[in-house]
Amino acid sequence: MIPREKLASIRDLFPVTKRQLYLDSSHQTPLSGPVRDALVSFLTEGYETAGPKPVWVRRVEDTRASVARLFNTSPAEIAFTKNTSEGLNIAANAVPLEAGDNVVLIEGDHPNNAYAWLNLKRKGVEIRFAPLKDNEVATAKTFEPYIDGRTKVITLSHVSFHAGQVHDLADIGSLCKGRGIYLIIDAMQSVGVIPIDVKALHISVLAAGTHKGLLVPQGLGVLYVANGLDELRPAYLAMSSMLNPPADYIARPKDLAVRRDAQRFEFGNVNLPDLHALDAAIKLIESVGVNAIYGHVNELGDLLLRKLDQLGITVVGPRERGKRNHIYVLNLPVTEWADFFARNDVRVSPERGGIRVSLGMFNSVEDVERLISVIRAGQKEELSAITMQLD
Ligand SMILES: Cc1ncc(COP(=O)(O)O)c(C=O)c1O
């Protein structure tokens with residue numbers, strides 16, 4: 001767990017912790033002081049100097065290096081996008097796929113990933129779905145029955161948004177490497193909260209937004225594209241994608257060579273305010289360490305599960321360490337409980353199977369205890385409502 005004093009100083013950086021019980025980091029991050037300061041100083045520069053664009057663009061490269069550190073890779077393998085969906089659609093349209101090839105996904109995984117690939121059905125690409133129970137994690141075995149000689153891509157979320165499973169990317173990555181299959185990962189729910197070593201996991205492409213574990217407002221995504229996958233070609237082109245961008249800004253029809261690095265997938269101007277914020281956010285994350293954040297939310301998860309057991313409340317996803325991390329979907333009827341939590345100033349999300357509690361670096365043991373006492377009060381309220389109905 002993050003030491004008490006350190007946690008207190010982190011909580012000071014997230015003023016929301018003083019106002020409500022925030023257990024909704026998987027929906028969106030609350031903003032921290034360093035992120036707000038970075039945004040304010042960007043706005044002030046724009047306001048007072050009409051924008052020192054070359055300085056801003058240089059800082060984008062600092063942020064690229066920060067993102068690369070997070071994934072244990074090089075800045076040349078990082079591009080900036082708008083969100084997860086854009087990154088996944090870029091990947092779906094970049095992989096060389098022909099009619100009759102197939103792509104395997106997990107049934108019920110996030111629709112933003114599913115649609116990116118389903119859109120390829122019009123090209124004759126077959127999209128296969130491997131079934132998976134909410135309390136199971138995906139491993140190589142999940143995919144094996146669905147792959148054959150025409151399988152070109154396996155794609156899934158690292159952490160599922162609706163049950164919190166942490167899928168076994170090491171095992172799936174080994175399968176993909178052995179079979180020459182691209183592994184394409186939606187890391188929206190894991191980035192910043194779980195250490196991700198893209199090389200060790202044999203990930204070909206990884207896409208994520210930055211408004212959850214990476215702590216900045218919506219509108220910015222990161223895209224990792226492994227070096228050497230030159231056959232992955234961008235479906236769109238802009239000057240920023242070109243190997244020889246024309247200095248006179250006149251397009252050369254005969255020179256359509258694209259950059260070899262991941263920036264061939266970057267189109268035009270990027271989200272400069274958010275990129276300033278992201279650098280500050282990653283520095284905040286690094287001041288704690290992704291490993292420490294991972295351990296912290298895991299231990300809070302242990303505590304939450306123990307306390308839920310005492311209340312007789314089960315979770316939808318897996319309980320074993322390593323198979324879950326910071327997302328816990330409580331088996332509580334959504335209609336009654338979503339409203340009850342809102343009335344008690346507890347921020348959680350309604351989910352397919354119940355109420356989603358998601359933990360962040362700023363959450364504490366006291367937060368978990370407060371949640372439990374609110375649930376206990378809710379159970380009593382439920383009981384008295386039933387008694388009233390019987391009376
Ligand atoms: C697994 C997963 N993928 C993608 C998204 C969102 O996609 P985007 O960043 O394109 O809005 C979410 C939730 O917001 C998610 O949980």
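Every number here is computed from the coordinates shown, using simple stated rules; none is lab data. Because the structure is a prediction, the values reported are computed rather than measured. For neighbour counting, all protein chains shown are included, and Cβ atoms are generated from backbone atoms with ideal geometry for every residue, glycine included.
Farthest toward the positive end of the dipole of the chain, out of GLN218, TRP117, SER25, is the Cα of TRP117, where the dipole comes from beta carbon charges about the Cα centre. Out of GLY360, ILE78, MET242, whose Cα points farthest toward the positive end of the dipole of the chain (charges: +1 Lys, Arg; -1 Asp, Glu; placed on Cβ)? Going by the Cα projections, it comes out as MET242. About its Cα centre, the stretch 35-286 has a charge dipole of approximately 460 debye under the convention of +1 per Lys or Arg Cβ and -1 per Asp or Glu Cβ, with nothing else charged.
Report the residues of the stretch 203-229 in range of a label on TYR236: point 7 Å along Cα→C-beta, backbone N strictly under 15 Å from it. In the stretch 203-229, the label zone of TYR236 (backbone N under 15 Å from the point 7 Å along Cα→Cβ) covers 219-223.
Length available on full extension from GLU369 to ASP255: 0.36 nm per residue minus the Cα-Cα distance, which gives 34.8 nm.
Its Cα gyration tensor gives the stretch 237-349 an equivalent ellipsoid. The semi-axes, each the square root of 5 times an eigenvalue, are 48, 18, 15 Å from largest down. Report the paramagnetic label zone for LEU311: residues of the stretch 343-373 whose backbone N is under 12 Å from a point 7 Å from Cα along the Cα-to-Cβ axis. Under 12 Å, as judged by backbone N against the label point of LEU311, lie 346, 355-357, 368-373 of the stretch 343-373.
Quick check on the exposure proxy: order SER26, SER364, SER240, SER9 from fewest to most C-beta atoms within 10 angstrom.
SER9, SER240, SER364, SER26
Averaging Cα coordinates gives a centre for the stretch 334-386 and one for the stretch 218-248; these two points are 44 Å apart. Protection proxy ranking, highest mean first, for peptides 182-190, 154-162, 368-376: 182-190, 154-162, 368-376, where packing is the per-residue count of other beta-carbon atoms within 10 Å, averaged.
Taking the helices alone, the chain has a mean residue ellipticity at 222 nm of -13000 deg cm²/dmol, built from -39,500 (n - 2.57) per DSSP H run of at least 4 residues and averaged over all its residues. Counting 0.36 nm for each residue step from ASP339 to ASP37 and taking away their Cα separation leaves a gain of 105.4 nm. Per-residue Karplus couplings for the stretch 360-376, computed as 6.51 cos²θ - 1.76 cosθ + 1.60 with θ equal to phi - 60°, are listed in order as x, 4, 8, 6, 10, 4, 4, 4, 5, 5, 5, 4, 4, 5, 5, 5, 4 Hz, Gly and Pro entered as x. Among beta bridges from DSSP that stay inside the chain, the antiparallel ones total about 50%. For the stretch 111-242, the antiparallel share of DSSP beta bridges with both residues in that region comes to about 45%. Compared with the alpha-carbon gap, the fully stretched path from SER287 to GLU61 is longer by 79.3 nm at 0.36 nm per residue.
Our coupling estimate for the stretch 105-116, obtained by passing each phi through the Karplus curve with A = 6.51, B = -1.76, C = 1.60 and θ = phi - 60°, is 10, 8, 4, x, 5, 4, x, 5, 6, 4, 5, 4 Hz, Gly and Pro reported as x. Using +1 at the C-beta of Lys and Arg and -1 at the C-beta of Asp and Glu, which of ASN89, ALA281, SER9 has the Cα lying farthest in the positive direction of the dipole of the chain? So the residue furthest toward the plus end is ASN89. Here the spin labels are modelled as points 7 Å beyond Cα on the Cα-Cβ line, and at ASN227 and ASN269 they lie 3.2 nm apart. Give the angle, between 0 and 90 degrees and rounded to the nearest 10, that separates the Cα long axis of helix 290-311 from the longest principal axis of the Cα atoms of the chain. Helix 290-311 sits roughly 30 degrees off the main axis of the chain. Here the spin labels are modelled as points 7 Å beyond Cα on the Cα-Cβ line, and at ASP197 and GLN218 they lie 3.5 nm apart. With only the Cα atoms considered, the chain has a convex hull volume of 155 Å³ per residue. Taking the fewest neighbouring Cβ atoms within 10 Å as the starting point, the ordered list for ASP261, ASP339 is ASP339, ASP261.
With axes computed from alpha carbons, what is the tilt in degrees of helix 169-179 against the longest principal axis of the chain, rounded to the nearest 10 within 0 to 90? Value to nearest ten degrees: 30.
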